[in-house]
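Here's the structure, in structure tokens; my notes come after.
The values are calculated or read from the model by the stated rules, or taken from the named source; none is laboratory data. What you see is a predicted model; the values in this text were computed from it and never measured. Neighbour counts run over all protein chains shown; Cβ positions are idealised from the backbone, glycine included.
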2 protein chains.
Amino acid sequence: MLRLHDCAFSGNGYKVRLLLTLLGLPFERVEYDILRGATRTPEFLRLNPNGRVPVLELEDGRCLAESNAILVYLAEGTRFLPQDRFERALAMQWLFFEQYSHEPNLATLRFWITHRLIDEERRPMVEGKRRWGYAALDVMERHLAGRRYFVGERYSIADIALYAYTHVADEGEFDLARYGAVRRWLERVAAEPGHIAITRV
Amino acid sequence: MLRLHDCAFSGNGYKVRLLLTLLGLPFERVEYDILRGATRTPEFLRLNPNGRVPVLELEDGRCLAESNAILVYLAEGTRFLPQDRFERALAMQWLFFEQYSHEPNLATLRFWITHRLIDEERRPMVEGKRRWGYAALDVMERHLAGRRYFVGERYSIADIALYAYTHVADEGEFDLARYGAVRRWLERVAAEPGHIAITRV
């Protein structure tokens, strides 16, 4: 059986849980307490030398890290990755946008705020992450105006990746009030058949 | 002809120039002065709403952003993207590692230092970026010990993506002295047939 090395709180882990569920693939979870350094032990570093969840462990023991790489791996040959070469490239574009321009701002502020981690080192970074987080939401809002999904008007891993931390943006004190197209898209994703909540582990 | 919207200084742009050259694909370049906001004009935002180079414009005018998404697009069906499904997933893993754990540290410090951009807002972030940059190099060093390339013992876009900012790490004041496996890998990439320098535009 597939084994997901995960943290219940993680939106990056949730991406993988959501896609595995949509695909009907059974899996078992191993939970790590990242606040206590459980992903920096010698045992975990053998699974992912970069010390981060999620990691997907295949039945033969091989391991794959990076949530969006796991999404691509699982989605290949399914309806969640576009068949058209250019649309597939656009899905990749949004996956990299998510990890570079979105997650480091929305996910990091959510993590720092909900776990009360804003100390002297992090406080000077909050304003920049707030500004860049809203810039990412602005890009999403403009793109979604007149579109139902991010790529090719179909639900894909681009939506799954961006949904993970956007739908809990309020936990990082981002206000989505002026992002109407984003809010309608969030409702659309949540209404997809087989959808599960981030709290379902 | 393919058109690359680019900045000569950019390692992300260099990744694409290098792969286009290795593939023997002719292209024309459009240069943008990112220090003067040339990628934040209304004209540029029509190419990439996220306001960043590189952007690959196809012959029919369609545009693709995010350097690593462009690499995947160009490499599909060539020897620079593994044929094996799991090896292809590992290449993706390293591409996401590069954009999340490597580029925001090594590339950003290189940019700030060479362009003298360390102001009051950025100064508190330098130490963290230094520490996380070395952490990324540590992961690369451990992985490359006993390996010739990042995935499947063959030169791939995983190597191209990670080479771009690693081989100019000194410009961000990173010292590679204790990274022997990384330095030998840099030499190996530079010796690949058809290799071009970052300064070749």
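Descriptive notes on the structure:
- The single condition among (1) in the same structural domain as B:TYR100 (by TED's automatic domain parsing); (2) at pLDDT 95 or above that B:ILE196 does not meet is (1).
- Among all positions in segment A:25-45, there is no residue which is within 12 Å of chain B (Cβ to nearest Cβ), out of contact with any helix residue (DSSP H, G or I) (no Cβ under 7 Å at 6 or more places or on another chain) and within 30 Å of B:VAL55 (Cβ to Cβ).
- Pairs where the first residue, in segment B:80-98, is at pLDDT below 95 and the second is surrounded by fewer than 20 Cβ atoms within 10 Å (Cβ to Cβ) and of a type in the set (Val, Ile, Thr), C-beta under 9 Å, 6+ apart: none
- Unmet criterion (only one of (1) within 23 Å of B:HIS102 (Cβ to Cβ); (2) in a helix (DSSP H, G or I); (3) among the β-branched types (Val, Ile, Thr)) for A:THR21: (1)
- Scope segment A:165-181; condition more than 14 Å from chain B (Cβ to nearest Cβ) and under 22 Å from A:TYR14 (Cα atoms); matching residues: A:THR166, A:HIS167, A:VAL168, A:ALA169, A:ASP170, A:GLU171, A:GLY172, A:GLU173, A:PHE174, A:ASP175, A:LEU176
- Unmet requirement for B:ALA69, which otherwise passes all of (1) assigned to a loop (DSSP other than H, G, I, E, B); (2) of a type in the set (Gly, Ala, Ser); (3) at the interface with chain A (Cβ under 9 Å from one of its Cβ atoms): (1)
- Consider segment B:152-163 and keep the residues that are outside any loop (DSSP other than H, G, I, E, B) and either within 14 Å of chain A (Cβ to nearest Cβ) or among the polar types (S, T, N, Q) (or both). The one that is farthest from A:PRO124 (Cα to Cα) is B:ILE157.
- Residues in segment B:73-98 that are in contact with a helix residue (DSSP H, G or I) (Cβ under 7 Å, 6 or more places away or on another chain), within 17 Å of B:TYR149 (Cα to Cα) and facing chain A (nearest Cβ under 7 Å): B:ALA89, B:MET92, B:GLN93, B:PHE96.
- Filter result (under 9 Å from A:TYR163 (Cβ atoms) and crowded, with 16+ Cβ neighbours inside 10 Å) within segment A:179-199: A:TRP185, A:LEU186, A:VAL189
- Of all residues in segment B:40-66, those satisfying the criterion of being part of a loop (DSSP other than H, G, I, E, B) and touching a strand residue (DSSP E or B) at 6+ places or on another chain (Cβ under 8 Å) are B:ASN48, B:ASN50, B:ARG52, B:VAL53, B:PRO54, B:LEU58, B:GLU59.
- Pairs meeting the criteria (first residue in segment B:162-175 and within 16 Å of B:ALA190 (Cβ to Cβ), second residue among the aromatic types (Phe, Trp, Tyr) and at pLDDT 95 or above, beta carbons under 7 Å, at least 6 apart or on different chains) are B:LEU162/B:TRP94; B:LEU162/B:PHE150; B:ALA164/B:TYR14.
- Test: residue in segment A:132-153 that is of a type in the set (D, E, K, R) and either surrounded by 20 or more Cβ atoms within 10 Å (Cβ to Cβ) or touching a residue at least 60 places away in the same chain (Cβ under 8 Å) (or both): no
- Any chance A:MET125 is surrounded by fewer than 23 Cβ atoms within 10 Å (Cβ to Cβ), touching a helix residue (DSSP H, G or I) at 6+ places or on another chain (Cβ under 7 Å) and at the interface with another protein chain (Cβ under 10 Å from one of its Cβ atoms): yes
To keep it simple, each residue is scored yes or no on (1) under 17 Å from the mean Cα position of the chain (by Cα); (2) modelled with pLDDT of 95 or more; (3) acidic (Asp, Glu).
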position: A:ALA8; (1), (2), (3): yes, yes, no
position: A:GLY13; (1), (2), (3): yes, yes, no
position: A:LEU20; (1), (2), (3): yes, yes, no
position: A:GLU28; (1), (2), (3): no, yes, yes
position: A:GLY37; (1), (2), (3): no, yes, no
position: A:ARG40; (1), (2), (3): no, yes, no
position: A:PHE44; (1), (2), (3): no, yes, no
position: A:PRO49; (1), (2), (3): no, yes, no
position: A:VAL53; (1), (2), (3): yes, yes, no
